[in-house]
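Here's the structure we're looking at; comments come further down.
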Amino acid sequence: MSTTNANLIEKANQIIQLQANASFGVIDENGYPSVSAISLCNPETIATLYFTTTLDSNKAKRLTANSKASINAFTDANNITLVGKAEILTDQDSKNKYWKEWFCEVYAGPTDPNYCVIQFTTERVSLWIGEDGGEFPLA
């Protein structure tokens, strides 16, 4: 990876840590993209991101059928687009780790059987940080 790309990734990691919200795109049952707003759970790097949903949601059903997904987060002069795969996690350790108290508005608690965590693993990035950017594999 070039020094320029490594610098862009480091800046993107700093930006994503400040981002609470992003857009998440999946492929629907008719082969079309479907995008929704998500709240990121404790984002650290653009390599792997986590958020939650319900197992009976369209998002979870669509990911079960096709794990290809994309996340987009942006600020004034910065755009972070990530392409990769998403996996639904239902183990209690993951559910506890990413639980937020305000989730009580949606779920009965971290043991709610309908509550799940989505782990998104980035394969390709398109970063525009200020005036610098490009598209490249994350590896």
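The values are calculated or read from the model by the stated rules, or taken from the named source; none is laboratory data. None of these values were measured; they are calculated from a predicted model. FYI the Cβ positions are ideal-geometry reconstructions off the backbone, even for glycines, and counts take in every protein chain you see. Accessible surface areas use protein heavy atoms only, side chains included; no ligands, DNA or RNA. Shrake-Rupley method; radii C 1.70, N 1.55, O 1.52, S 1.80 Å.
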Taking segment 27-62 as the region of interest, how many residues are more than 26 Å from T111 (Cβ to Cβ) and either of a type in the set (V, I, T) or surrounded by fewer than 12 Cβ atoms within 10 Å (Cβ to Cβ) (or both)? 9
Anything in segment 6-26 that is open to solvent by less than 40 Å² (accessible area, probe 1.4 Å) and either part of a helix (DSSP H, G or I) or among the acidic types (D, E) (or both)? List them, or say none. L8, I9, A12, N13, I15, I16
Here are some conditions: (1) touching a residue at least 60 places away in the same chain (Cβ under 8 Å); (2) closer than 15 Å to G133 by Cβ; (3) surrounded by fewer than 18 Cβ atoms within 10 Å (Cβ to Cβ); (4) not charged (D, E, K, R). T3 meets all but one. Which one does it not meet? (1)
Qualifying position, being within 9 Å of the chain's Cα centre (by Cα) and of a type in the set (A, V, I, L, M), among L55, L40, L63: L40
Residue pairs meeting the criteria (Cβ under 8 Å; at least 6 apart or on separate chains; first within 15 Å of Y98 (Cβ to Cβ), in segment 50-69; second modelled with pLDDT under 95 and in a helix (DSSP H, G or I)): T52/F103
Being among the small types (G, A, S), in contact with a Lys or Arg (Cβ under 7 Å, 6 or more places away or on another chain) and farther than 20 Å from G130 by Cα is the requirement here; does S34 meet it? yes
Scan segment 8-28 and give yes if some residue there is at pLDDT 95 or above and farther than 29 Å from E131 by Cα, otherwise no. yes
I'd like to know if segment 104-111 contains one or more residues that are loosely packed, with under 12 Cβ neighbours inside 10 Å and either touching a residue at least 60 places away in the same chain (Cβ under 8 Å) or within 20 Å of I15 (Cα to Cα) (or both). no
Any residue at all in segment 27-35 that's out of contact with any Gly (no Cβ under 8 Å at 6 or more places or on another chain), touching a residue at least 24 places away in the same chain (Cβ under 8 Å) and under 24 Å from A6 (Cα atoms)? no
